[in-house]
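*Asks:* Take a look at the following structure, please.
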2 protein chains.
Amino acid sequence: MRKTTGAIGGLGAALAMSAALGLGASGTAHAEPATPKSLYPPSALVLTVGYGPDDASSVAVQRAVTLSCQPTPTGTHPAPARACAELRAVNGEFSTLTEATESGRMCTKEWRPVTVTAEGIWDGQRVSYEHTFANNCLKNAAVTQLYEF
Amino acid sequence: MRKTTGAIGGLGAALAMSAALGLGASGTAHAEPATPKSLYPPSALVLTVGYGPDDASSVAVQRAVTLSCQPTPTGTHPAPARACAELRAVNGEFSTLTEATESGRMCTKEWRPVTVTAEGIWDGQRVSYEHTFANNCLKNAAVTQLYEF
């Protein structure tokens, strides 16, 4: 199976393939476990934004959304297609997204920490990511739209 | 502030309020954080089913779905309304759901462990729940439909 690139065309082809594979599997009897496996690795995440520093227990979760990227981008995230494309583009490396900052953005250095988290499954692997921005301006200066909700 | 009930009418009102507050915050200078708070505590979960024993690192995640219960039940879970109703009925006590078993269900005692997990946010609080059934029959004997996907 070829790797999707995050472009919409690639995604469409991947979806068509997933659907075709899914139909094929349900029509045949073979040695699979009683509960059928998915034919693509699941990607299902909960993303949160909260005020507070790194230590998760001290962060008050202000907002939380779901994001699912397989078989189709969906979730309570306001822009699931964009969010999934971003994650595919960096192969699920959440820190790469967080670190890319818009050039020329001016922010104060005030310490009013905003912590973002991503938990769940990306491409079949458990994910537990957390990053603290010193303040909301710096959070908004990140190029990624993953935590814009 | 009145509490929203999860009904569509309540949702509409809550969204309208959020929008109004959001606009107010960006247009005026006061002590609110730049990013408006939600008007209800978020509930956003990733549920997984995998083959393997308790130790999460040894569990191969077979399937994962998202479930969001506020403002309206949604997600890649096949029955979000039912799943959210179950969780509300036990006030988010995941173990209560897992422990309730259909009476008269016969299962072998074969050890072929199936581990279910729930991660994310329930009613504004972080959740990290994991339970291992000795085999898939015992998993299916649980009354809850939370992990039926």
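*Asks:* Can B:Gly120 be described as in a strand (DSSP E or B), out of contact with any Pro (no Cβ under 7 Å at 6 or more places or on another chain) and surrounded by 15 or more Cβ atoms within 10 Å (Cβ to Cβ)? Explain how you work it out, then say what you get.
*Replies:* On the way: in a strand (DSSP E or B): yes; out of contact with any Pro (no Cβ under 7 Å at 6 or more places or on another chain): yes; surrounded by 15 or more Cβ atoms within 10 Å (Cβ to Cβ): yes.
The answer is yes for B:Gly120.
Residues are listed down the side, and each one gets a yes or a no for (1) without any contact (Cβ under 8 Å) to a residue 60 or more places away in the chain; (2) facing chain B (nearest Cβ under 9 Å); (3) among the β-branched types (Val, Ile, Thr):
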| residue | (1), (2), (3) |
| --- | --- |
| A:Val65 | no, yes, yes |
| A:Thr101 | yes, no, yes |
| A:Thr115 | no, no, yes |
| A:Ala118 | no, no, no |
| A:Gly124 | no, yes, no |
| A:Phe133 | yes, no, no |
| A:Leu138 | yes, no, no |
| A:Leu146 | no, no, no |
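*Asks:* Are any residues in region B:81-117 closer than 22 Å to B:Pro53 by Cβ, of a type outside the set (A, V, I, L, M) and not in a loop (DSSP other than H, G, I, E, B), and if so, which ones?
*Replies:* Across region B:81-117, the qualifying residues are B:Phe94, B:Ser95, B:Thr98, B:Glu99, B:Thr101, B:Thr115, B:Thr117.
*Asks:* Let me ask another. Can you tell me which residue within region A:90-117, out of those that are hydrophobic (A, V, I, L, M, F, W, C) and within 11 Å of the chain's Cα centre (by Cα), is surrounded by the fewest Cβ atoms within 10 Å (Cβ to Cβ)?
*Replies:* Narrowing region A:90-117 to residues hydrophobic (A, V, I, L, M, F, W, C): A:90, A:94, A:97, A:100, A:106-107, A:111, A:114, A:116.
Keeping just the survivors that are within 11 Å of the chain's Cα centre (by Cα) gives A:90, A:94, A:97.
On the way: A:Val90: 14, A:Phe94: 24, A:Leu97: 22.
Filtering first and then ranking leaves A:Val90.
*Asks:* Being out of contact with any helix residue (DSSP H, G or I) (no Cβ under 9 Å at 6 or more places or on another chain) and surrounded by fewer than 18 Cβ atoms within 10 Å (Cβ to Cβ) is the filter here; which residues of region A:125-149 pass it?
*Replies:* Listed by number, the residues that qualify are A:Gln125, A:Ser128, A:Ala134, A:Cys137, A:Asn140, A:Ala141.
*Asks:* Turning to a different aspect of this structure: Please go through region A:75-94 and give me each residue that is more than 23 Å from B:Gly124 (Cβ to Cβ) and either among the polar types (S, T, N, Q) or within 11 Å of another protein chain (Cβ to nearest Cβ) (or both), ordered by number.
*Replies:* Matches in region A:75-94: A:Asn91 only.
Values in this text are rule-based calculations from the coordinates and carry no lab data. Note that the structure is a prediction, hence the values are computed from the model and not measured. Here the Cβ is made from the backbone with ideal geometry for all residues, glycine too, and neighbour counts use every protein chain on show.
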